[in-house]
Amino acid sequence: MMNMDKHYLRDLNNQGIAILPTVFIEPGENRSLTQIVKDSSWGDCILKPAVSGAARHTYRLNPKNLDEHESI
């Protein structure tokens with residue numbers, strides 16, 4: 001199923017289709033989750049695996065709970 005891997009969103013965006021502001025955290029990423037959110041100027045955000053179904057391992061984050069999810 002195409003939408004199991006969320007990288008298709010990057011492909012759509014590259015084709016000029018607007019998507020929600022998205023940052024893909026790839027393996028080996030050196031920035032912390034806190035730094036990514038700060039760099040993006042987000043308050044609340046959603047953390048979701050790039051490959052997933054339904055809402056499994058999907059979290060709504062805010063500045064108060066970012067540290068809880070830093071190791072994910």
### Task
Using the structure shown, decide if residue 20 is under 11 Å from the mean Cα position of the chain (by Cα) and either surrounded by 11 or more Cβ atoms within 10 Å (Cβ to Cβ) or at pLDDT 90 or above (or both).
yes
### Query
Is there any pair with a first residue in the range 55-72 that is within 12 Å of residue 43 (Cβ to Cβ) and a second that is part of a strand (DSSP E or B) and of a type in the set (Val, Ile, Thr) whose Cβ atoms are under 8 Å apart and which are 6 or more apart or on different chains, and what are they?
60/46; 61/46
### Task
Determine, yes or no, whether residue 27 is out of contact with any Cys (no Cβ under 9 Å at 6 or more places or on another chain) and assigned to a loop (DSSP other than H, G, I, E, B).
yes
### Query
Can you name the residue in the range 49-66 that is of a type in the set (D, E, K, R) and at pLDDT 90 or above and is also nearest to the chain's Cα centre (by Cα) among such residues?
60
### Message
Any residue at all in the range 9-16 that's of a type outside the set (S, T, N, Q), in a helix (DSSP H, G or I) and touching a Cys at 6+ places or on another chain (Cβ under 7 Å)?
### Response
no
#### Entry: Residue in the range 34-43 that is in contact with a Ser or Thr (Cβ under 7 Å, 6 or more places away or on another chain), in a helix (DSSP H, G or I) and of a type outside the set (Lys, Arg) present
no
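The values are calculated or read from the model by the stated rules, or taken from the named source; none is laboratory data. Note that this is a predicted model, so its numbers are computed, not measured. Glycine gets a Cβ as well: all are built from the backbone with ideal geometry, and neighbour counts include every protein chain shown.
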